[in-house]
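Heads up, the thing below is written out as structure tokens.
The values are calculated or read from the model by the stated rules, or taken from the named source; none is laboratory data. Because the structure is predicted, anything quoted here is derived from the model rather than measured. Reconstructed Cβ throughout: ideal geometry from the backbone, glycine too, with neighbour counts over all protein chains shown.
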Amino acid sequence: MTQVDFYLLQDNEPEACSLLACRLTEKAYKKGHRVYIHAESGAQLRQLDELLWSFRAGSFLPHAVVQDRPAEPQPILLGNDSEPQGMDDVLVNLASEVPPFFSRFKRVAELVGGDEAARSAARERYRFYQQRGYTLNTHKL
């Protein structure tokens with residue numbers, strides 16, 4: 001069964017969740033995991049595409065955008081409006097709703113910003129997972 005981890009940020013800066021997504025993705029990638037980052041919007045998707053190259057000096061995270069249909073499989077895929085094919089390891093969710101394909105992943109990381117709107121949406125997602133019997137962990141950052 002899918003393990004779900006909620007990462008609660010105190011920071012409510014718009015870029016905070018995207019930066020955390022980059023750090024978590026880097027950690028998972030270094031451990032040999034394949035990661036799909038599910039963005040809220042096309043704008044956030046483009047921001048993540050840039051950040052994965054530059055969020056930290058010396059960082060290099062090979063990735064592709066699902067909609068670009070990469071010719072070769074990538075260890076990290078980004079998307080916001082389509083289901084990733086061939087990915088079932090780690091899902092990093094930045095969207096305000098639970099992606100319909102979440103259950104095929106071994107792990108889901110739900111990233112939650114510090115503002116009230118983000119917290120409210122996260123509480124709904126938490127109840128969704130809880131009512132379905134998923135293992136839930138919360139990490140306050």
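Can you name the residue in the stretch 17-44 that is closer than 19 Å to PRO99 by Cα, over 11 Å from the mean Cα position of the chain (by Cα) and not polar (S, T, N, Q) and, of all such residues, is surrounded by the most Cβ atoms within 10 Å (Cβ to Cβ)?
Among those residues, the one meeting the criterion is ARG34.
Is it true that some residue in the stretch 10-31 is over 15 Å from VAL92 (Cβ atoms) and in contact with an Asp or Glu (Cβ under 8 Å, 6 or more places away or on another chain)?
Scanning the stretch 10-31, I find at least one residue that is over 15 Å from VAL92 (Cβ atoms) and in contact with an Asp or Glu (Cβ under 8 Å, 6 or more places away or on another chain), so the answer is yes.
Filter the stretch 117-141 down to the residues that are of a type in the set (Ser, Thr, Tyr) and part of a helix (DSSP H, G or I), then identify the one that is surrounded by the fewest Cβ atoms within 10 Å (Cβ to Cβ).
Kept after step one, since they are of a type in the set (Ser, Thr, Tyr), are these residues of the stretch 117-141: 120, 126, 129, 134-135, 138.
With part of a helix (DSSP H, G or I) added as a condition, the list becomes 120, 126, 129.
Values: SER120: 11, TYR126: 18, TYR129: 19.
Among them, the one singled out is SER120.
So TYR36 clears everything in (1) of a type outside the set (A, V, I, L, M); (2) under 28 Å from ALA117 (Cβ atoms); (3) assigned to a helix (DSSP H, G or I) except one condition, right? Which one?
(3)
Can you pull out every residue in the stretch 39-94 that is more than 20 Å from ARG23 (Cβ to Cβ), assigned to a helix (DSSP H, G or I) and touching a Leu at 6+ places or on another chain (Cβ under 8 Å)?
Hit for the stretch 39-94 is VAL66, nothing else.
Out of the stretch 98-109, which residues are touching a Phe, Trp or Tyr at 6+ places or on another chain (Cβ under 8 Å) and under 14 Å from ALA39 (Cα atoms)?
VAL98, VAL108, ALA109
Of the residues that sit in the stretch 80-97 and are crowded, with 18+ Cβ neighbours inside 10 Å and over 11 Å from the mean Cα position of the chain (by Cα), which one is nearest to ARG34 (Cα to Cα)?
That would be MET87.
Just name the residue that is farthest from ASP81 (Cα to Cα) out of those in the stretch 9-33 that are part of a loop (DSSP other than H, G, I, E, B) and in contact with a Pro (Cβ under 9 Å, 6 or more places away or on another chain).
GLY32
Report every pair of residues separated by at least 6 positions or lying on different chains whose Cβ atoms are under 6 Å apart, first residue within the stretch 76-88 and closer than 15 Å to LEU48 by Cα, second at pLDDT below 95 and β-branched (Val, Ile, Thr).
From the stretch 76-88, the pairs are LEU77/VAL66; LEU78/VAL65; GLY79/VAL66.
Could you grab the pairs with beta carbons closer than 7 Å, sequence gap of 6+ or different chains, first residue in the stretch 110-127 and under 20 Å from TYR36 (Cα atoms), second one surrounded by fewer than 19 Cβ atoms within 10 Å (Cβ to Cβ) and among the basic types (Lys, Arg)?
VAL112/ARG119
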